[in-house]
Amino acid sequence: MKQEYTTGNATLIRGRAWHVFPDPAGSGALIGDHPFGADEPPGRERTPVRMPDGIVDAWLVGKNAPGIRNAHDGHTYLVLTERLEPPPVTAGWLVEVARLDEDFQLDQRGGRWVHLVRVVATAETPEGPVQDCEFQIDRD
């Protein structure tokens, strides 16, 4: 399913949309600051976070991001997967289906924007209806 098309300063990608967030019932201290196994403290010498197989992309969602109906405090992620299964996350993180509206957009700093282009389809999963979405990544 991983599709990526680049034209000019924009890239189109497609995947199933999941909302990944810190477990509110956790001990308070996350094992890591990223849901995919980065339990090292942030810093220049830190090993880059490696996305698990089947992950198309993942973006940090700011607390004021328009178009996302999931409850979030600004330290959550929108994760796109190739398959219908939720992404595998490390201890201290939970996953639910993302609930996106047509005006969903993320400012990723440095002139990089992520826009929802369209919801291609919706599929039922044990976690609820997951949206198969197409996104455009713009770079200034």
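The values are calculated or read from the model by the stated rules, or taken from the named source; none is laboratory data. This one's a predicted model, so the numbers in the text were calculated from it and none came from an experiment. Neighbour counts run over all protein chains shown; Cβ positions are idealised from the backbone, glycine included.
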* Filter the stretch 54-74 down to residues that are of a type outside the set (A, V, I, L, M, F, W, C) and either under 11 Å from the mean Cα position of the chain (by Cα) or modelled with pLDDT under 90 (or both), then give me how many there are. => 7
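Scanning for something within 24 Å of H72 (Cα to Cα), at pLDDT 80 or above, outside any loop (DSSP other than H, G, I, E, B) and not polar (S, T, N, Q), does the stretch 1-12 turn up at least one residue? Quick ask: steps written out before the conclusion?
Within the stretch 1-12, the subset within 24 Å of H72 (Cα to Cα) is none.
Checked against the condition, which is being within 24 Å of H72 (Cα to Cα), at pLDDT 80 or above, outside any loop (DSSP other than H, G, I, E, B) and not polar (S, T, N, Q), the stretch 1-12 yields no hits at all.
Go over the candidates L80, L60 one by one and state the one that is under 15 Å from F36 (Cα atoms), out of contact with any Asp or Glu (no Cβ under 7 Å at 6 or more places or on another chain) and not in a loop (DSSP other than H, G, I, E, B). If you could, list the steps in order and put the result at the bottom.
Details: L80 fails: out of contact with any Asp or Glu (no Cβ under 7 Å at 6 or more places or on another chain).
Residue meeting the stated conditions: L60.
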* Asked: Pairs, please: C-beta under 6 Å, at least 6 apart or cross-chain, first residue on the phi < 0 side of the Ramachandran plot and in the stretch 9-25, second modelled with pLDDT of 85 or more and of a type in the set (F, W, Y)?
  -> I13/F135; V20/Y77; V20/W93
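When you go through L78, L116 one by one, which is the residue that is in contact (Cβ under 8 Å) with a residue 40 or more places away in the chain, touching a Cys at 6+ places or on another chain (Cβ under 8 Å) and hydrophobic (A, V, I, L, M, F, W, C)? Write out each step before concluding.
Working: L78 fails: touching a Cys at 6+ places or on another chain (Cβ under 8 Å).
The conditions single out L116.
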* Asked: Does Q136 satisfy the criteria of being surrounded by 15 or more Cβ atoms within 10 Å (Cβ to Cβ), farther than 14 Å from W18 by Cα and among the polar types (S, T, N, Q)?
  -> yes
* Output for the stretch 77-114, where each listed residue is at pLDDT 90 or above and among the polar types (S, T, N, Q) -> T81, Q105
